[in-house]
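The values are calculated or read from the model by the stated rules, or taken from the named source; none is laboratory data. Note that this is a predicted model, so its numbers are computed, not measured. A quick note on method: Cβ atoms are made from the backbone with ideal geometry, for glycine too, and the neighbour counts reach across all protein chains shown. SASA here: full protein model, heavy atoms, side chains in, ligands and nucleic acids out. Shrake-Rupley method; radii C 1.70, N 1.55, O 1.52, S 1.80 Å.
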Amino acid sequence: LFQPDSDWQTVLLQEVRRQMRERMAQDSEATYWVDQSIASWNLSALPEELAFYFNDQGQLVLVFNEGDAGPMSLGVVEFTIPDEAVSAIARPGFWS
């Protein structure tokens with residue numbers, strides 16, 4: 001998916017955290033594992049077995065299991081990664 005030696009994990013993690021903050025700003029009841037007062041609760045790395053797929057628009061969608069991105073009550077959580085977030089590290093011609 002990504003160019004060799006690209007720091008794709010950091011790029012994706014930063015985008016997921018950005019979206020978590022955005023969702024919490026839009027919904028005061030939403031809670032995600034970012035900016036928590038207990039540092040060990042914060043998402044610091046992508047799960048080793050992170051599922052993903054490409055949606056109808058060809059965008060990468062990351063799928064987090066219950067409890068990986070926020071409280072288990074959220075269920076499975078998905079984050080659609082915009083093309084501009086990964087365009088610099090995407091393997092040329094691999095997607096869109």
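When segment 8-24 is filtered for residues that are of a type outside the set (A, V, I, L, M) and farther than 20 Å from Ala90 by Cβ, the ones remaining, listed by number, are Arg21, Glu22, Arg23. The residue that is least open to solvent (accessible area, probe 1.4 Å), counting only those in segment 18-31 that are outside any loop (DSSP other than H, G, I, E, B) and not aliphatic (A, V, I, L, M), is Gln19. Here are Pro82, Pro71: which of them is open to solvent by less than 50 Å² (accessible area, probe 1.4 Å) and either free of Cβ contacts under 8 Å to residues at least 60 places away in the same chain or of a type in the set (Asp, Glu) (or both)? After applying the criteria, what remains is Pro71. Of the strands (runs of 3 or more DSSP E) entirely within segment 32-96, those holding at least 2 residues that are touching a strand residue (DSSP E or B) at 6+ places or on another chain (Cβ under 8 Å) and farther than 20 Å from Thr10 by Cβ occupy 51-54. Applying the criterion of being under 14 Å from Val16 (Cβ atoms) and at pLDDT 95 or above to the residues of segment 47-59, the residue that is surrounded by the fewest Cβ atoms within 10 Å (Cβ to Cβ) is Ala51.
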